[in-house]
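This report refers to the structure that appears directly beneath it.
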Amino acid sequence: MTTQTQPPYLRTLYIGAFIVLLSLGVRATFGLFMQPMGLEHGWGRDVFSMAFAIQNIVWGAGAIFMGMLADRYGAGRTIALGAVLYVLGMVGMRLSSDELSLYLTAGVLVGLGQAGTTFPVILPVVARAVPPAYRSTAMGIASAGGSLGQFAVVPTGQLLISTMDWTGALWVLSMFVAAGLPLAAFLKGRPDASIATHSLGGAIRQALAHPSFHFLFWSYAVCGFHTAFITLHLPAYLADGGLTAAHGATAIALIGLFNVAGCIYAGKLGGRYSKKTLLAAVYFLRAFGIIFLLAVPLTPWVAYVFAAWMGLFWLGTVPLTQGLIGQIYGFRYAATLSGIAFLGHQVGSFIGVGMGGYVYQATGGYTMVWWTGIVLAVVAAVLCMPIKEQTLASPTAA
C-alpha cells in the first residue's frame, strides 16, 4: 500500500494564504473602530480617514522596500519584520490619545506592517514555488486568503467590540497578527540568484520604461480607490442610511466571502485567457455594482446584494495584476516590481479614504465619491486594454 504525499509547494501556498488571511482580515475590521474611537476621543471621520490614508500610502511605499528585502534576504525575515511592526502599530493605536499618535500608529506602523505581510511579499513566494502550469491558480488561491480573512475576522471584530469594547478588541486582533510570526519561518526561501541575467536596477529600469507597466500601475490605483474607500466608509454609509453596525459588518464580511470564489476563479481564468481582458472586465463590472447601490432604495438586502456583487470582483485584480508582472517581466525580482505596482494601488487607496472623509465633512454624504468610483472603474477598464502581455527579453545587467 502506497502513501500519497502532497507536493511540497502546497505547504508554501497554504501558509502564504493563511498569513494574508490574518493580515488583511484584521485590516478589514478598521472601519468598525471609527465610531467607538471617535466617540471616546471626539474625532470626526476626517481624522480616521487621514489616519488610514496615511496607512495606505505607507503600505504602498513600504511594499517597495519590503519587496527589495524579500528579494535580497528572503521572504521569511521580511514577513516576521512586518508582523512585528503591525502588532506594535495596533498596540499603539489602542494607546493613542491624540490625532498625531493615531497617525503614527494606525498610519505609519500598521502600514509598514501590512507591506511586509501581504501580496507584494507573499505572492512572489507562491509563484516561484509552484509549477508554471498551476501558477495563476495558486496566486488566486493565495489572494483568496485575504478575502476569507475579511469574511471570518470582520464579524469576529464586531463581536469583540460588542462584548469587550473597542480597546479589548484591538488587543485580541493584535494577537491574530502575531500568529503570523512563527509561520514566517516556513517561507524563508529567496529567489535563486543564479537565474538572474540582469540586476535589480536593470529590472526596475526596464519596467519603468515599458508603457504596459504604467497601465498596470494606474489601473491598480483604481482598485485601491474602490477597496479602501468601501472597506473604511461602507459601514458608516450604511449607518447614515438607517442600517445598523451589524449590517455594516455583515456587508464587509460578504464582500470577503464572495471574493474567495472571485479570487480563485480569477486565478484559474488568468491561466487560460488574456489577463488584461479579464482585468478590464473586473473594473467595468464594479461600476455596475456601484450604480445599483445608488439607484435602489437602501435596505439590508440591497446592501448585501451590493456586497456580494463587489465581492466577486474585489481582489480578483491581485492575481491578474501580479500574474501579468511575472509573465511580462519575470519572477526573479517579482517582489520588488510587485511592490512598485502596489504603490499605485495604495496611491488610489490614499485618495479613496481621504476623499471619503473630506467629502463627508463638506457635504454630509458620500454621493460624489461613489460617482467618482464609477468613472474611475471605466477609466481603469480602458487602461487595461493596451497592455502587451508578451514576455520581455532580459535587459542588460547594470
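The values are calculated or read from the model by the stated rules, or taken from the named source; none is laboratory data. No experiment lies behind these values; they were computed from the predicted model shown. Cβ atoms come from the backbone with ideal geometry, glycine included; neighbour counts cover every protein chain shown.
A few remarks follow.
- Looking across region 86-101, the residues that are surrounded by fewer than 23 Cβ atoms within 10 Å (Cβ to Cβ) and without any contact (Cβ under 8 Å) to a residue 60 or more places away in the chain come down to 88, 92, 95, 96, 97, 98, 99, 100, 101.
- Among residues of region 291-319, those that are part of a helix (DSSP H, G or I), farther than 22 Å from residue 368 by Cα, hydrophobic (A, V, I, L, M, F, W, C) and out of contact with any Phe, Trp or Tyr (no Cβ under 7 Å at 6 or more places or on another chain), counted: 1
- Test: residue 67 is crowded, with 18+ Cβ neighbours inside 10 Å, part of a helix (DSSP H, G or I), modelled with pLDDT of 90 or more and in contact with a helix residue (DSSP H, G or I) (Cβ under 9 Å, 6 or more places away or on another chain): no
- Pairs with Cβ under 7 Å, 6+ apart, first in region 29-40 and over 22 Å from residue 256 (Cβ atoms) and modelled with pLDDT under 90, second in a helix (DSSP H, G or I) and not aliphatic (A, V, I, L, M): 37/166; 38/48
- Evaluating residue 97 against the criteria (1) out of contact with any His (no Cβ under 8 Å at 6 or more places or on another chain); (2) modelled with pLDDT under 90 leaves one unmet condition, (1).
- Residue match in region 111-118 (condition: surrounded by fewer than 24 Cβ atoms within 10 Å (Cβ to Cβ) and at pLDDT 90 or above): no
- Taking residues in region 198-220 that are closer than 13 Å to residue 338 by Cα, and partners anywhere that are of a type in the set (Phe, Trp, Tyr) and part of a helix (DSSP H, G or I), the pairs with Cβ atoms closer than 9 Å and at least 6 places apart or on different chains are 203/329; 207/213; 207/329; 213/329; 220/342.
Residue-by-condition table, conditions (1) within 21 Å of residue 43 (Cβ to Cβ); (2) among the aromatic types (Phe, Trp, Tyr); (3) at pLDDT 85 or above; (4) in a helix (DSSP H, G or I):
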{"site": "106", "(1), (2), (3), (4)": "yes, no, yes, yes"}
{"site": "133", "(1), (2), (3), (4)": "no, no, no, yes"}
{"site": "155", "(1), (2), (3), (4)": "no, no, yes, yes"}
{"site": "170", "(1), (2), (3), (4)": "yes, no, yes, yes"}
{"site": "173", "(1), (2), (3), (4)": "yes, no, yes, yes"}
{"site": "182", "(1), (2), (3), (4)": "no, no, yes, yes"}
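- Restricting region 135-149 to residues that are among the aliphatic types (A, V, I, L, M) and touching a Gly at 6+ places or on another chain (Cβ under 6 Å), the residue that is modelled with the highest pLDDT: 142
- Near pairs, Cβ below 6 angstrom, 6+ apart or cross-chain, from region 237-255 (within 25 Å of residue 315 (Cα to Cα)) to any residue that is outside any helix (DSSP H, G or I) and of a type in the set (Ser, Thr, Tyr): 237/366
- The helices (runs of 4 or more DSSP H) located wholly in region 199-270 that include 1 or more residues which are aliphatic (A, V, I, L, M) and touching a Gly at 6+ places or on another chain (Cβ under 7 Å) occupy 211-240, 245-270.
- When residue 135 is tested against the conditions (1) surrounded by fewer than 22 Cβ atoms within 10 Å (Cβ to Cβ); (2) touching a residue at least 12 places away in the same chain (Cβ under 8 Å), the lone failure is (1).
- Selected residue (criterion: surrounded by the fewest Cβ atoms within 10 Å (Cβ to Cβ)) from residues of region 214-255 that are of a type in the set (A, V, I, L, M) and closer than 17 Å to residue 364 by Cα: 239
- Residue pairs meeting the criteria (Cβ under 6 Å; at least 6 apart or on separate chains; first within 14 Å of residue 205 (Cα to Cα) and in a loop (DSSP other than H, G, I, E, B), in region 326-338; second at pLDDT below 80 and of a type outside the set (D, E, K, R)): 333/200
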